[in-house]
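Novice: Below you'll find the structure I mean.
The values are calculated or read from the model by the stated rules, or taken from the named source; none is laboratory data. Fair warning: this is a prediction, and the values are worked out from it, not measured in the lab. Neighbour counts are summed over all protein chains in view; Cβ atoms, including those assigned to glycine, are modelled from backbone coordinates with ideal geometry.
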């Protein structure tokens, strides 16, 4: 074990330290006999000799002298090395300069020869033209024939470095051209060679700047020769074209060192060609001072204007032309070999210096050690003690008698040993017995266990190293490494290896887990539901399970010769049409490119047999890749079905809201581009909810399917029918005459829907309301158009259902006003904008006020007082009537509690509030909070509360009645079930609607008869009768005559704030007393 080996290495080293220290101490402590022999001799030495020796011993430092000498020798070594390297550097640079001069001379001669050959040919052609008697530019035009073209081609063919030869007229037009026939219409009068030669009669030839050939697009240098008339006038010129590629190829053929460059320049500094190539070709470089004079020059440390590097340059002019060839090499690359040598030489000098200084340092150290050996031994002993106490492991040493010699603090801490057991001379048995008896070691703590432990340790061989692991009671594991010492005894290290053993155990578990996972991986490959293909870096198939062969329909012979190349598999599939029609080799190449891209890929592939495979590839670190094939045919079909279902209604199969929105966006975009108009019909079935509630949802579903079938029959192929949800449907109709065609379709739809539906055991008749919006007149985006169609549908349903309405702008304005009112209504309760008014109820029998009805008013911050008829319907539609009604109930009860006990309070409950299951709890809470007696509270309900769920409604009424609350039937006579409701529930009061009171007069006999019948009904049932809306004395007298018990109306008093009720009661009491 590592811990054991370490312990074995440490034990001898400690022994050696002790032995070495003892030897060194004995060497510096003279024996008694030596002292006695040496003492008298030294006492006889002369005093002056003793003083001199003392001074020398005191001030003489051989170590310092040796160190100074070593430093001086090192300086000499470095100085000689620097001189040698400097000389070698100069020689290297001179060698490079010599080599570049040679190259420059050769290149200048070759360049001169290239231009001379071309110039000679141009001169020959010019002489032929002169011999033929051409004396002016007009005569020169006769050389525009094909024979002269062939002559130029022949001349050009003998000059491999020449791209073309051209004859140019005095006005810059091409007369003949060796490259093309017929001659292209090209004008070169803007070229520099043309302008210079035409304007300067003293020049016979001119070499141009590099330009891009207008015919071939290549970069070219032109050598132009002037053609003169006999009297010396400009007649034209002959032009020879040499491409830059010729010079670059030639320069490239020259053996250049790294960092070398060759350039061809004009004497005006223009760069004509360079290798390596640069973008500055054709530019005038700022180095033309000596080039203009055509001088030969060499230079060191010249900064290149091309690449900015410091270069060694050798320039040579061409003998016959104003051109210069410059060969250069960067100073960095020229001195590269020198730098390697310099580095090696400097390294050797450093090594020599190092060894000299090392030897000097070693000698100095030896001398210093000799002078301070005693001090070092003292420090060494101190360090020895410190090392023992700071060792990571416990250490102990026992002699041949098994008694403790020395131990460190770590040893005592590991086993919690008391100080008396750590003293030298302590028996080994005492320490072991203490560890056993005090439960430090794991196991039995008896005397017998201690003896067994001592016996086991005593059986260990005394002359051989041993190692064991002891487990302590607290779970720690201690590795004890025992090393015997010469002469008996041993040294032992005690190291806490708990963490190491835990890691070893974890490593074993990990190895076992890896083996299990490898086995599992093989099982996964064999039992993988899909195909698996593993390819190596050479794209050979290494692993392929049977499922992959079955899914891909691969024959067994493809795998007979070992790993199959991917290309073979791809070609087999392509040849049998697996990848569809097309070029098989192209298909193979595309898929090979995908495999070599080293990127993750995923795609779905449909095989010719209809199987759909999910193919995924993942590149591996070793260069191969893993491919899996899953049969997702069923999933593909399911996804297609899900995608269809996501866009269509599951019940009717009609497109849903998402598809409708896409269609609306499409047709709206079409209208913007002038593609006609369209109409949006929003349909809502009338009485569909009654069918659902009475006949059940299955019948409702069957009705929707039948409706969808009839609507499809009403539409054209260009129209679209969609279901938005419930009984709400939508039609998108393309039209040319919107109003006419939309109305015609709406009539067809209503006629189709009005016909009875035969749904098996049920015959159902329903209607349809239709809202119509025209695009783009009524909206130019889907949301706006659907909102306007909804408004038109809302108008159609409010006008009696079974009709269709076109959208009008006023509908949107009304809806916006309704939304604003709804927003303000939601804030009104929180902002305390509601207040209550109380209208007195007058008892005709007692001729006094018997109660008040609480009436809600909304004090709007900007509109002023808003009456209930303007906001109560909106509150009922939005559900706000519930919190508003609860507030009215609590507030009215709280204010009524301050009135006289005989005065009752009437509060209206809306149908929506009454349907809330917490209405009874709200009443109880209001009565409890206000301490109002329940018999003083009268709740008024309309008979619409009992139209639906009448049993539950009567149950709630009975709970309220049991509380002691009085129940009044409001608006009596306006419904169809008033009499039946009176029979089912014993109401305390009925309130006759104001519409009956308004028509009451002696003239209107029928109204009087109705009133008489209602009052007689109340009298016969023993129910109090209250007439609302009494505004005249005649109405009061007639109601009194007919037996009405209570009246309420503006004749008696308008609704009054709570703060004025006390004053009102006082006035009424005073009036009665009067």
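Novice: Which condition from (1) touching a residue at least 24 places away in the same chain (Cβ under 8 Å); (2) under 60 Å from the mean Cα position of the chain (by Cα) is the one that residue 389 breaks?
Specialist: (1)
Novice: Given the criteria over 60 Å from the mean Cα position of the chain (by Cα), without any contact (Cβ under 8 Å) to a residue 40 or more places away in the chain, in a helix (DSSP H, G or I) and buried (at least 20 other Cβ atoms within 10 Å of the Cβ), does residue 939 qualify?
Specialist: So residue 939 fails the test.
Novice: Hey, does segment 720-728 have a residue that's in the same structural domain as residue 774 (by TED's automatic domain parsing), in contact (Cβ under 8 Å) with a residue 40 or more places away in the chain and over 48 Å from the mean Cα position of the chain (by Cα)?
Specialist: no
Novice: Same structure, new question: Go through 508, 516, 501 for me and flag whichever is outside the structural domain of residue 610 (by TED's automatic domain parsing), more than 28 Å from residue 592 (Cα to Cα) and surrounded by 13 or more Cβ atoms within 10 Å (Cβ to Cβ).
Specialist: Residue meeting the stated conditions: 501.
Novice: Additional query: Given the condition at pLDDT 85 or above and surrounded by 13 or more Cβ atoms within 10 Å (Cβ to Cβ), answer yes or no: does some residue in segment 942-954 qualify?
Specialist: Our first condition is that a residue be at pLDDT 85 or above; within segment 942-954, this holds for none.
No, segment 942-954 contains no residue that is at pLDDT 85 or above and surrounded by 13 or more Cβ atoms within 10 Å (Cβ to Cβ).
Novice: While we're looking at this one, here's another question. In the list 749, 766, which residue meets the criterion of being surrounded by 15 or more Cβ atoms within 10 Å (Cβ to Cβ), over 14 Å from residue 664 (Cα atoms) and over 52 Å from the mean Cα position of the chain (by Cα)?
Specialist: Result: 766 is the single residue among 749, 766 that is surrounded by 15 or more Cβ atoms within 10 Å (Cβ to Cβ), over 14 Å from residue 664 (Cα atoms) and over 52 Å from the mean Cα position of the chain (by Cα).
Novice: Does residue 835 qualify as being touching a strand residue (DSSP E or B) at 6+ places or on another chain (Cβ under 8 Å), surrounded by fewer than 16 Cβ atoms within 10 Å (Cβ to Cβ) and assigned by TED's automatic domain parsing to the domain that holds residue 773? Working first, answer last.
Specialist: Numbers: touching a strand residue (DSSP E or B) at 6+ places or on another chain (Cβ under 8 Å): yes; surrounded by fewer than 16 Cβ atoms within 10 Å (Cβ to Cβ): yes; assigned by TED's automatic domain parsing to the domain that holds residue 773: no.
Against the criterion (touching a strand residue (DSSP E or B) at 6+ places or on another chain (Cβ under 8 Å), surrounded by fewer than 16 Cβ atoms within 10 Å (Cβ to Cβ) and assigned by TED's automatic domain parsing to the domain that holds residue 773), residue 835 does not qualify.
Novice: Right, residue 388: closer than 16 Å to residue 494 by Cβ and modelled with pLDDT of 75 or more or not?
Specialist: No: the conditions fail for residue 388.
Novice: Against the condition in contact (Cβ under 8 Å) with a residue 12 or more places away in the chain and either farther than 18 Å from residue 113 by Cα or out of contact with any helix residue (DSSP H, G or I) (no Cβ under 9 Å at 6 or more places or on another chain) (or both), how does residue 240 come out, does it pass?
Specialist: Against the criterion (in contact (Cβ under 8 Å) with a residue 12 or more places away in the chain and either farther than 18 Å from residue 113 by Cα or out of contact with any helix residue (DSSP H, G or I) (no Cβ under 9 Å at 6 or more places or on another chain) (or both)), residue 240 does not qualify.
Novice: Report yes if some residue within segment 792-803 is in contact with a strand residue (DSSP E or B) (Cβ under 7 Å, 6 or more places away or on another chain), touching a residue at least 24 places away in the same chain (Cβ under 8 Å) and in the same structural domain as residue 884 (by TED's automatic domain parsing); otherwise report no.
Specialist: No, segment 792-803 contains no residue that is in contact with a strand residue (DSSP E or B) (Cβ under 7 Å, 6 or more places away or on another chain), touching a residue at least 24 places away in the same chain (Cβ under 8 Å) and in the same structural domain as residue 884 (by TED's automatic domain parsing).
Novice: Next up: Could you say which residue among 905, 927, 932 is under 20 Å from residue 990 (Cβ atoms) and either touching a residue at least 40 places away in the same chain (Cβ under 8 Å) or crowded, with 20+ Cβ neighbours inside 10 Å (or both)?
Specialist: Values: 927 fails: under 20 Å from residue 990 (Cβ atoms); 932 fails: under 20 Å from residue 990 (Cβ atoms).
Matching residue, one of 905, 927, 932: 905.
Novice: For segment 260-279, give me each residue that is in a loop (DSSP other than H, G, I, E, B) and over 50 Å from the mean Cα position of the chain (by Cα).
Specialist: Residues of segment 260-279 in a loop (DSSP other than H, G, I, E, B): 267-269, 276-279.
The answer is 267, 268, 269.
Listed here are the residues, each with its yes/no results for (1) without any contact (Cβ under 8 Å) to a residue 40 or more places away in the chain; (2) in the same structural domain as residue 228 (by TED's automatic domain parsing); (3) under 12 Å from residue 237 (Cα atoms).
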| position | (1), (2), (3) |
| --- | --- |
| 138 | yes, yes, no |
| 149 | yes, yes, no |
| 160 | yes, yes, no |
| 169 | no, yes, yes |
| 187 | yes, yes, no |
| 196 | yes, yes, yes |
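Novice: For residue 209, state whether it is at pLDDT below 80, touching a strand residue (DSSP E or B) at 6+ places or on another chain (Cβ under 8 Å) and not in a strand (DSSP E or B).
Specialist: Yes.
Novice: When you check residue 447 against the structure, is it more than 60 Å from the chain's Cα centre (by Cα) and either exposed (fewer than 11 other Cβ atoms within 10 Å of the Cβ) or on the phi < 0 side of the Ramachandran plot (or both), yes or no?
Specialist: Yes.
Novice: Condition test on residue 812, is it assigned to a helix (DSSP H, G or I), over 21 Å from residue 727 (Cβ atoms) and at pLDDT below 90? Before you say what the answer is, go through the steps one by one.
Specialist: Working: assigned to a helix (DSSP H, G or I): yes; over 21 Å from residue 727 (Cβ atoms): yes; at pLDDT below 90: yes.
Yes; evaluated as a whole, the condition is true for this residue.
Novice: Among the residues of segment 645-668, count how many are closer than 21 Å to residue 779 by Cα and free of Cβ contacts under 8 Å to residues at least 60 places away in the same chain.
Specialist: 3
Novice: Among the strands (runs of 3 or more DSSP E) lying completely within segment 291-373, list those that include at least 2 residues that are touching a helix residue (DSSP H, G or I) at 6+ places or on another chain (Cβ under 6 Å) and surrounded by 19 or more Cβ atoms within 10 Å (Cβ to Cβ).
Specialist: Qualifying strands (runs of 3 or more DSSP E): 310-317, 323-330.
Novice: Let me ask something additional. Under 29 Å from residue 744 (Cα atoms), surrounded by 13 or more Cβ atoms within 10 Å (Cβ to Cβ) and modelled with pLDDT of 90 or more: is that true of residue 691 in this structure? I'd like the intermediate steps shown before the answer.
Specialist: Details: under 29 Å from residue 744 (Cα atoms): yes; surrounded by 13 or more Cβ atoms within 10 Å (Cβ to Cβ): yes; modelled with pLDDT of 90 or more: no.
So residue 691 does not fit the description; no.
Novice: Could you please give the count of residues in segment 534-557 that are within 15 Å of residue 622 (Cβ to Cβ) and either touching a residue at least 40 places away in the same chain (Cβ under 8 Å) or loosely packed, with under 13 Cβ neighbours inside 10 Å (or both)?
Specialist: 7
Novice: Restricting to segment 788-812, name every residue that is surrounded by fewer than 18 Cβ atoms within 10 Å (Cβ to Cβ) and within 21 Å of residue 659 (Cβ to Cβ).
Specialist: none
Novice: Another question, then. Do we have residue 1059 as assigned to a helix (DSSP H, G or I), loosely packed, with under 13 Cβ neighbours inside 10 Å and at pLDDT 85 or above here?
Specialist: Yes: the conditions hold for residue 1059.
Novice: Now a separate question. Please specify each residue of segment 130-143 satisfying the condition of being in a helix (DSSP H, G or I) and either closer than 12 Å to residue 230 by Cβ or in contact with a strand residue (DSSP E or B) (Cβ under 7 Å, 6 or more places away or on another chain) (or both). I'd like the intermediate steps shown before the answer.
Specialist: Applying the first criterion (in a helix (DSSP H, G or I)) to segment 130-143 yields 130-131, 137-143.
Correct list: 130, 137, 139, 140, 141, 143.
Each row is one residue, and each column tells you yes or no for (1) exposed (fewer than 14 other Cβ atoms within 10 Å of the Cβ); (2) in contact with a strand residue (DSSP E or B) (Cβ under 9 Å, 6 or more places away or on another chain); (3) touching a residue at least 24 places away in the same chain (Cβ under 8 Å).
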residue: 402; (1), (2), (3): no, yes, yes
residue: 411; (1), (2), (3): no, yes, yes
residue: 415; (1), (2), (3): no, yes, yes
residue: 418; (1), (2), (3): yes, no, no
residue: 434; (1), (2), (3): no, no, no
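Novice: Hey, another quick one. Can you say whether residue 671 is farther than 30 Å from residue 766 by Cβ and either touching a residue at least 60 places away in the same chain (Cβ under 8 Å) or assigned by TED's automatic domain parsing to the domain that holds residue 535 (or both), as far as the supplied structure shows?
Specialist: In short, yes.
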